[in-house]
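The values are calculated or read from the model by the stated rules, or taken from the named source; none is laboratory data. Nothing here was measured: the structure is a model prediction, and the numbers come from that model. Note that each Cβ is placed from the backbone with ideal geometry, even for glycine, and that neighbours are counted across all protein chains shown.
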Number of protein chains: 2
Amino acid sequence: MDDTPEQKEENFLYLTRAGIDTHQEPVVYMREDCHVCRSEGFSAQGRVRVCVGERSIIATLNIVTGDLLSHQKAALSDSAWTLLGAKEGDKAHFKHALPVESMSYVRGKLYGKKLGLEEARAIITDIRDARYSDIQLSAYVTACAANNLSLDETIAITRAMVECGQRFHWGDGIQVLDKHCVGGLPGNRTTPIVVAIVAANGLMMPKTSSRAITSPAGTADTMETLTTVALSYDRMREVVRAQGGCLAWGGSVSLSPTDDIIIRVERALDLDSEGQMVASVISKKLAAGSTHVLIDIPVGPTAKVRSNELADVLATLLVETGAALGMQVRTLISDGSQPVGHGVGPALEARDVLAVLQRGAGAPQDLRQRALTLAAVLLEMGGACSAGEGLALATRTLDSGAAWDRFVAICEAQGGLKTPPQAPFRRPIPAQKDGVVALFNNRVISRLASLAGAPNAPAAGIDLHVRLGDKVEKGQPLMTLHAEAQGELEYALDFYRAHPEVLRIEEEVV
Amino acid sequence: MDDTPEQKEENFLYLTRAGIDTHQEPVVYMREDCHVCRSEGFSAQGRVRVCVGERSIIATLNIVTGDLLSHQKAALSDSAWTLLGAKEGDKAHFKHALPVESMSYVRGKLYGKKLGLEEARAIITDIRDARYSDIQLSAYVTACAANNLSLDETIAITRAMVECGQRFHWGDGIQVLDKHCVGGLPGNRTTPIVVAIVAANGLMMPKTSSRAITSPAGTADTMETLTTVALSYDRMREVVRAQGGCLAWGGSVSLSPTDDIIIRVERALDLDSEGQMVASVISKKLAAGSTHVLIDIPVGPTAKVRSNELADVLATLLVETGAALGMQVRTLISDGSQPVGHGVGPALEARDVLAVLQRGAGAPQDLRQRALTLAAVLLEMGGACSAGEGLALATRTLDSGAAWDRFVAICEAQGGLKTPPQAPFRRPIPAQKDGVVALFNNRVISRLASLAGAPNAPAAGIDLHVRLGDKVEKGQPLMTLHAEAQGELEYALDFYRAHPEVLRIEEEVV
């Protein structure tokens, strides 16, 4: 029997929405005994192209073995439905998805080949267009993990990430300031304070931030407890035109749109890649139209960067990648030996930010000092003052209330200033003995706050009551766990009991 | 409000079977507004522990946003249902799955740490128990890919893979022969012939084979078109006791059970790992109780192993890993410049095997010669003849019909000899010009046969009509594509048109 191409016309099913959220990976559900599965030879977890008219997506096939679906229908997961722009009853055709060609570059990378611009473009475009399954995304992230990307590869990936999304233009010759922290230090939420100080001095700082990767809060997560952060490009421009700065979430404006997809997989693997991190940071800044960027690199035994040598390597990679793409980058290596401020988690960090901006009596001094130091460099980079005078100007701006006023004005322009939520479930953790606080484990603290629900549960996290060097007595609360759900509080408590190294108390040396 | 542990008792749902096949990854479906999701703070793609009494599994959460489920129920995918051993209406409790601790070893590996026995045991046991999500499995496979495992790591992983499954014992001091081909050469289906010759000479060769990894057929796939290959341990013992050999699928007897899980991900990534391949091969042989193993390593520009240097490295890794675990391994480097026999795909290869065993006029001579060469070495290793006399003995055994008789007896003992299926859809591929066949691309041929449906569609594949050096005329059929489904035939044809390098014809030099 020969094949007759005309039969293909019959090869359709009517689409329906499955009502299943599979997160980013698009899934199509089909009966194993439907005529399409039989004639195309599809099997479970296969990659299938779903076509409606001129539009098509690649989805992972889940086979319906029960009676969820009629023989004439195929169902799409929420993400597949949205990606395809499907309507109930759309007539869809199906075929095997061709192998994603750019995966050959990922394989080549594993065998020691370098990723050039062409390869990076192919991979990043395929990721943006959801052509990679979760298994393939994980292979890409893993292949680039650890210190496995060269400067040239990092530049290529950065350029590809910028090109594949929207890009802001604030005007020719206009100086656009930005800052970033490479992370790993819980509670280091300086950005809202820095933006307020810089904008209050007439410089332009249209800040877009990402959500947490493996940490319990990113700036976007924290700001979301205070105002609206999902701003359109036009809305952002209005806010910046009026206030000189904004505090928006980068993802909602399609800046470097592959970043969130890659971040989800990095989070599931609890894995960061140095080169991918640089590409992520620099591409977001470039896409945001930034020209002058300051990057904070906290160093400590349990911070993301563990030694000054590693910090120098990273700093060089950031500066050179920026320079290759026409952006001036400066770095600042800071103390990463313990969390910053009291709160860890979106709402708890927002509370600390407000305290500093409002010059409250209990405002965390370490957070204040770090924000002032960073703002000082930016004020000098932006020419708001001479070299060496930045710190005095930043301090005046904060202490006069001008920074707080500007922060309120920015939040109002973004949709109104909100009060951060408070967690309904709380549990203090008492000291087990007398002594001195000798060590914080930032990684375990971050993990603990994450298990309590942060950042998905914005009120969740940890409120720290002690700092390095503090004398404590047995029974005194060291910290309080905050959670929005009973299960999460218990989960965090279980973890704490299994990991007492969160915080070490040593006997006082007299 | 403080947490009260007693509330946990209320934290259950009734289980139902979703009737969805998600392949190996266990999935749990829950309503986003059910009390468990709300109280536990679960979100889509989160990893959830599902507990029924003392039994529990980790599953990936898909959130039901529509009306598929009642508020009192959670549904499980087919694999989750089987893994948990669930019954309709079981009362299940749910909590966040603790992070899989052994993933920290995978991360460490990416940062250059070596995998020791403890790390390998933890990873392999977690994979066996389905604690790794597909994203995590992919990271493990990728971290071990390319040439990224040392001899010691390979030995550690091999040992861990053997330990975590069933193990055969054929009796103390008994010599158990085995063979393996590292693959990459389409149609190289010598095993059934070799087993028949060796067993007919009174040696013991209880062969277990795996299914195809990235190739269009494994020995288990081919043998499945001829007889039953899914044998229990007891059934295998009976067959071997009676016939001296068997031709079974390794997966059905839980030998090195993580292998199939790892293979699925390697296949999705079209990625092999040298160390993981050695661990896979040697662990299966050890678990099968083999003491003397011959490994065929085809070398060619488009075979899995491309040069004699690489073959030597692989041979050393195989021999040393075997030796470290008490097994004698010999290797044989063979010509891998073109496919073996005529057929590529389970049933088409079975047809060639039958032709050689039955001494048919059209039997492929290259397949015959390769099988005789391998059988010769095994007959000598096993002491059935003196060194140097193996080839003569093997040839006599085949030509006398003794090998065919033994093959029939083995198949009968396994459940009966079947006739391989024939494909309903076929399409000859004509030569585009006159000339001489100058080059085969084994990789593209394998891909073409896979796209035609092999090995999932057992009758699918390619029937080759020419060999290297053959003179061809324009319009003469070079090969015939076989498929079980219309869509797959067209898919393969599309691929062929886009990849004419399957086979190169050059002008004849006069």
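Based on this model, can you work out whether A:Asp296 counts as at pLDDT 95 or above, under 26 Å from A:Ala394 (Cα atoms), of a type in the set (Asp, Glu) and not in a helix (DSSP H, G or I)? Yes; evaluated as a whole, the condition is true for this residue. Taken over segment A:128-174, residues that are within 14 Å of another protein chain (Cβ to nearest Cβ), farther than 25 Å from A:Ala315 by Cα and in a helix (DSSP H, G or I) amount to 6. Residue count for segment A:466-510, restricted to those that are part of a loop (DSSP other than H, G, I, E, B), surrounded by fewer than 17 Cβ atoms within 10 Å (Cβ to Cβ) and more than 14 Å from chain B (Cβ to nearest Cβ): 12.
For every residue, the table says whether it meets (1) surrounded by 14 or more Cβ atoms within 10 Å (Cβ to Cβ); (2) within 14 Å of another protein chain (Cβ to nearest Cβ).
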residue: B:Ala363; (1), (2): yes, no
residue: B:Ala375; (1), (2): yes, no
residue: B:Leu391; (1), (2): yes, no
residue: B:Ser400; (1), (2): no, no
residue: B:Glu412; (1), (2): yes, no
residue: B:Thr419; (1), (2): no, no
residue: B:Phe425; (1), (2): yes, yes
residue: B:Asn441; (1), (2): yes, no
residue: B:Arg447; (1), (2): yes, yes
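Among the residues making up segment A:449-459, a single one is at the interface with chain B (Cβ under 8 Å from one of its Cβ atoms), more than 24 Å from A:Arg306 (Cβ to Cβ) and in contact with a Phe, Trp or Tyr (Cβ under 9 Å, 6 or more places away or on another chain): A:Gly453. Within segment B:220-250, the only residue that satisfies the criterion of being within 22 Å of B:Glu349 (Cα to Cα), surrounded by fewer than 21 Cβ atoms within 10 Å (Cβ to Cβ) and either of a type outside the set (Val, Ile, Thr) or in the same structural domain as B:Pro458 (by TED's automatic domain parsing) (or both) is B:Ala230. Just to be sure I understand, how many residues within segment A:96-123 are in contact with a Phe, Trp or Tyr (Cβ under 7 Å, 6 or more places away or on another chain) and within 27 Å of A:Leu13 (Cβ to Cβ)? Selection size over segment A:96-123: 2. Assessment of segment B:278-291 against the conditions (on the phi > 0 side of the Ramachandran plot, outside the structural domain of B:Ser215 (by TED's automatic domain parsing) and either outside any helix (DSSP H, G or I) or of a type in the set (Lys, Arg) (or both)) yields no matching residue. From the list A:Arg107, A:Arg121, the one residue that fits, being of a type in the set (D, E, K, R), within 14 Å of chain B (Cβ to nearest Cβ) and not in a loop (DSSP other than H, G, I, E, B), is A:Arg107. Within segment A:12-37, the only residue that satisfies the criterion of being within 7 Å of chain B (Cβ to nearest Cβ) and of a type in the set (Lys, Arg) is A:Arg17. Within segment B:446-465, the residues that satisfy the criterion of being part of a helix (DSSP H, G or I) and out of contact with any Leu (no Cβ under 8 Å at 6 or more places or on another chain) are B:Ser446, B:Arg447, B:Ala449, B:Ser450, B:Leu451.
Give me a count of the residues in segment B:58-87 that are within 12 Å of chain A (Cβ to nearest Cβ), assigned to a loop (DSSP other than H, G, I, E, B), in contact (Cβ under 8 Å) with a residue 12 or more places away in the chain and not hydrophobic (A, V, I, L, M, F, W, C). Going through segment B:58-87 one residue at a time, the tally reaches 2.
Every residue, every condition in (1) crowded, with 23+ Cβ neighbours inside 10 Å; (2) among the charged types (D, E, K, R); (3) over 23 Å from B:Tyr233 (Cα atoms), yes or no:
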site	(1), (2), (3)
B:Thr258	yes, no, no
B:Val305	yes, no, yes
B:Leu325	no, no, no
B:Ala350	yes, no, yes
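Can you find even one residue in segment A:466-479 that is of a type outside the set (Val, Ile, Thr), at positive phi and out of contact with any Gly (no Cβ under 6 Å at 6 or more places or on another chain)? Checked against the condition, which is being of a type outside the set (Val, Ile, Thr), at positive phi and out of contact with any Gly (no Cβ under 6 Å at 6 or more places or on another chain), segment A:466-479 yields at least one hit.
Quick grid of which residues meet (1) surrounded by fewer than 22 Cβ atoms within 10 Å (Cβ to Cβ); (2) out of contact with any helix residue (DSSP H, G or I) (no Cβ under 6 Å at 6 or more places or on another chain); (3) over 18 Å from B:Glu25 (Cβ atoms); (4) aromatic (Phe, Trp, Tyr):
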position: B:Phe94; (1), (2), (3), (4): no, no, no, yes
position: B:Ala97; (1), (2), (3), (4): yes, yes, no, no
position: B:Glu101; (1), (2), (3), (4): yes, yes, yes, no
position: B:Arg107; (1), (2), (3), (4): yes, yes, yes, no
position: B:Gly112; (1), (2), (3), (4): yes, yes, yes, no
position: B:Leu115; (1), (2), (3), (4): no, no, yes, no
position: B:Glu118; (1), (2), (3), (4): yes, yes, yes, no
position: B:Ile124; (1), (2), (3), (4): no, no, no, no
position: B:Asp129; (1), (2), (3), (4): yes, yes, no, no
